[in-house]
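What follows is a set of notes on a single structure, which appears directly below.
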Amino acid sequence: MTEPRVGVDDWVAQHEERVEERKGLAGLLGRWLAYVPAWARLAVFALLAAALPFWMDRGDLFAYGIFTLLYILLGLGLNVVVGYAGLLDLGYVAFFGIGAYSYGILSSDHYGLHWSAFASIPLVMLGTAAVGLVLGITSRRLLGDYLAIVTLFFGQAFVVFVNAANPTVRGQGLTGGPNGVADIDPLRFVGYELTTRGQQYLFLLGAVCVVLVALHFLSESRTGRAWRALREDPLAAQAMGIPVNRLKLMAFAIGASIAGLAGCVFASVLTAVSPGNFGLPILITIYAIVILGGIGSLTGVVLGAIVINISFQFLAPENPQSNARVLFFAVLVLLLVLAVRPRWLGAALVGAVIVFGFVTQLIVEAIAPSWSGGNVTEGGRLADVVQNWVVIPQGHGNFGNFAYVALVVAILVLTRLRGWWRTAALVPIVYLAAVVWENSFVEQPQVARWILFGSLLIALMTVRPQGLLGTPRVEIV
């Protein structure tokens, strides 16, 4: 009998593959990438990324290229601590800040040192690794929420220190206070300065590739396997003789050193650093990159950083608001098509929401024309469709606020419904979300950025709790 049998090891081993086959596009992407060697994936990424400076202008290369690579570098460092070792470090962004400020102090007019990058970057990486080691030693007995609280305090303490403490050293404030450190030198190697965006981008790309190779070999080593054992069950790992405390300290130190490297490049590219660069939003962004791509996956970090930074740039205040509208409705469609099973039902719900919107607009216009006489924020083809589909009142300024409260209540009610009642309730709730968007959030790009960002993560976590390329964990739910 060649078919796998229930209760036999072959049947159990193939369970994950059968589950992935039902995960749609994300599962298919994960299976395809599993057959591609790591060196081939890195080569494709490096070649495609190296071509960007040849067709992107200076501004786009800075926004889409350099910042994406910075996010990748930060995500790789966090992936060591969280993805490999399973340590919930909420103070990770402090290492990024320590690296940036240290480079700014060693290579700038602040104290007139002007060290070469050959000297400052290795020293800064060693320094941030030492700080990570100290943090790991003081919290090595903590796990889960307790470790998260301690490290979060460390991260916030760093922001307060650089913003308010500013101790005087050699007659000048060490951190510059709220103004930070300015006039930072560009990266300089053997008398050659990387001053153009293309040069900075290619250097950063090389650094990302080196870190990817190093982490790949580290992940496949005995240390990497021990880290994964620590992540899954620290008690069982310790009972098997694995040096748990040593592995924790190693993860903290390596993750901190990578963050320090990212901080050096960040400071040299922006030529200035300030406390506002290292707040809670950047920490949330880095964690979202790791979670979106899949905890423990190097390729996932790269994909997560690309998706998130491109989404952020599309929602930047200087870009047209039509970008935000397109992304919002794309997320709504993905939520319905990917999160609702079977697939045909999700597609049917999309059609039902469209019909529901046009019918609602006609009814409101017939009963009270003033409640449908408003205009959309910006023109364009999609805006013309939205104008005839979403209820936008004229002269009712608080309508958006009331609709937002109604949407929150409706979502809470939706969590209590089951079966076909929940499916039917999705139609008016999704339409209400579109009404709230057009009446409240499309004019506020900063708010819209985080709303779409959260919606994207919710959609992904609903379909694939392990992220795009993460490995499913065995749990009892």
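Rule-based calculations on the coordinates, nothing more; no lab input. Here the structure is a predicted model, which means the values were calculated and not measured. Positions of Cβ are generated from backbone atoms using ideal geometry, with glycine treated the same way; all protein chains shown enter the neighbour counts.
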*Taking every pair of alpha-carbon atoms in the range 322-443, give the share separated by more than 26 Å as a whole percent.*
18 percent
*Enumerate the calculated ³J(HN,Hα) couplings along the range 274-289 in order (Karplus 6.51 cos²θ - 1.76 cosθ + 1.60, θ = phi - 60°), each rounded to whole Hz, writing x wherever the residue is Gly or Pro.*
8, x, x, 6, 10, x, 5, x, 5, 5, 4, 4, 5, 5, 5, 4
*Enumerate the amide H contacts of residue 187 below 5 Å, restricted to partners 5 or more residues apart or on another chain; note that Pro and chain-start residues carry no placed amide H.*
194
*Just add up the charged neighbours of residue 184: K/R +1, D/E -1, any other residue whose Cβ is under 14 Å from the Cβ of residue 184.*
-3
_Dimensionless Rg over Rh [the range 36-314; C-alpha; Kirkwood]_ = 0.97
*Could you tell me the distance between the Cα centroids of the range 59-80 and the range 404-432, to the nearest Å?*
37 Å
*Contour minus end-to-end for residue 409 and residue 384, with contour as 0.36 nm per residue of separation and end-to-end as the Cα-Cα distance?*
6.1 nm
*What order do you get for 188, 170 when you list them from fewest to most C-beta neighbours inside 10 Å?*
170, 188
*³J(HN,Hα) across the range 154-163 via Karplus (A = 6.51, B = -1.76, C = 1.60, θ = phi - 60°), whole Hz, x for Gly/Pro?*
4, x, 6, 5, 5, 4, 5, 5, 5, 8
*Report ³J(HN,Hα) in whole Hz for each residue of the range 47-58, in order, from the Karplus equation J = 6.51 cos²θ - 1.76 cosθ + 1.60 where θ = phi - 60°; Gly and Pro get x.*
5, 5, 5, 5, 7, 4, x, 7, 10, 9, 7, 4
*For residue 418 paired with residue 396, estimate the spin-label separation in nm (one decimal), with each label point 7 Å from Cα along the Cα-to-Cβ line.*
3.6 nm
*Measure off 7 Å from each Cα along the Cα-to-Cβ vector at residue 130 and residue 218, then give the distance between these two points in nanometres to one decimal.*
1.9 nm
*Using amide H atoms built 1.01 Å from N in the peptide plane, name the residues 5+ places from residue 87, or on other chains, whose amide H lies under 5 Å from its own.*
82
*Taking the Cβ of each residue in 429, 289 as the centre, tally the other Cβ atoms inside 10 Å and list the residues starting with the fewest.*
429, 289
*Which order do 195, 415, 128 fall in if you start with the one that has the fewest other Cβ atoms within 10 Å?*
415, 195, 128
